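Asks: Take a look at the following structure, please.
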Amino acid sequence: MPRRDDPDAALPPAADLPPSKTRRKQAMHELQDLGEALVALEPSRLAALALPERLADAIALARRITRHEARRRQMQFIGRLMRDVDPAPIRAALDAMAAVSHEDRARFAAAEAWRDRLLAEDAALGEFLAAHPALDREDVARTVSDARAERAGGRPPHRYRALFRLVARALDAR
């Protein structure tokens, strides 16, 4: 028999307890943060998530609201609507989109690095062509030469951008 002065004796097991108010508020804030991530998402990517119509409308409205207090209330409303949706697939989709964008940024950075090396170093052309033998040697050399002349002359960067596109396509083809 439990003692009367034992405070733990009157409590049911932890599994039988409902979540605390603090835990419920944390969960609501997490849903509101997820809603803010959805508002910041590009419309094309948002459409790919296939959200309920009411939530999608609330997100579209939040994008148009510029007043601070009105936007805060709308974000709270989105958080409320998020309670009716399973957040796990949405989080997974956002994580997958973030992973793809990291890969895109890495590819972009690699293309920029190669373009800059091709413009700065004569030996970089041989290395790039050795790494990508399917490319037309004369076309790449001409594009590099034109981009160098364009930069030296202070002209608009048409060939500079063309060189970037050529490098990016070569890296993607790999």
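Asks: Projected onto the charge dipole of the chain (+1 at Lys/Arg Cβ, -1 at Asp/Glu Cβ, origin at the Cα centre), which of Leu119, His29, Val167 gives the Cα projection farthest towards the positive end?
Replies: My answer, from the dipole projection, is His29.
Asks: At a 1.4 Å probe radius, carbon and sulfur cover how many percent of the accessible area of the chain? Walk me through the numbers before you get to the answer.
Replies: Working: 6480 of 12060 Å².
On the chain, the fraction of accessible area on carbon and sulfur atoms equals 54 percent.
Asks: Continuing with the same structure: What number comes out for accessible area per residue over the chain if the probe is 1.4 Å? Units Å², please. Can you show the working numbers first?
Replies: Numbers: 12060 Å² over 174 residues.
Value for the chain: 69 Å² per residue.
Asks: What FRET efficiency comes out for the pair Arg165/Met97, r = Cβ-Cβ distance, R0 = 25 Å, nearest 0.05?
Replies: On the way: r = 24 Å, r/R0 = 0.97.
FRET efficiency, Arg165 to Met97: 0.55.
Asks: Can you give me the distance in nm between label points at Arg148 and Glu121, each placed 7 Å from the Cα along the Cα-to-Cβ direction?
Replies: 1.4 nm
Asks: For Ala147, what charge total do you get from the other residues with a beta carbon under 9 Å from its beta carbon, if Lys and Arg give +1 and Asp and Glu give -1? Walk me through the intermediate numbers first.
Replies: Values: positive: Arg115, Arg148, Arg151, Arg159, Arg161; negative: Asp146, Glu150.
Residues near Ala147 contribute +3 overall.
The values are calculated or read from the model by the stated rules, or taken from the named source; none is laboratory data. Please read all numbers here as calculations on a predicted model, not as lab measurements. Cβ sites come from the backbone with ideal geometry, for glycine too, and all protein chains shown count toward neighbours. These accessible areas exclude ligands, DNA and RNA; they are computed on the full protein's heavy atoms, side chains included. Shrake-Rupley method; radii C 1.70, N 1.55, O 1.52, S 1.80 Å.
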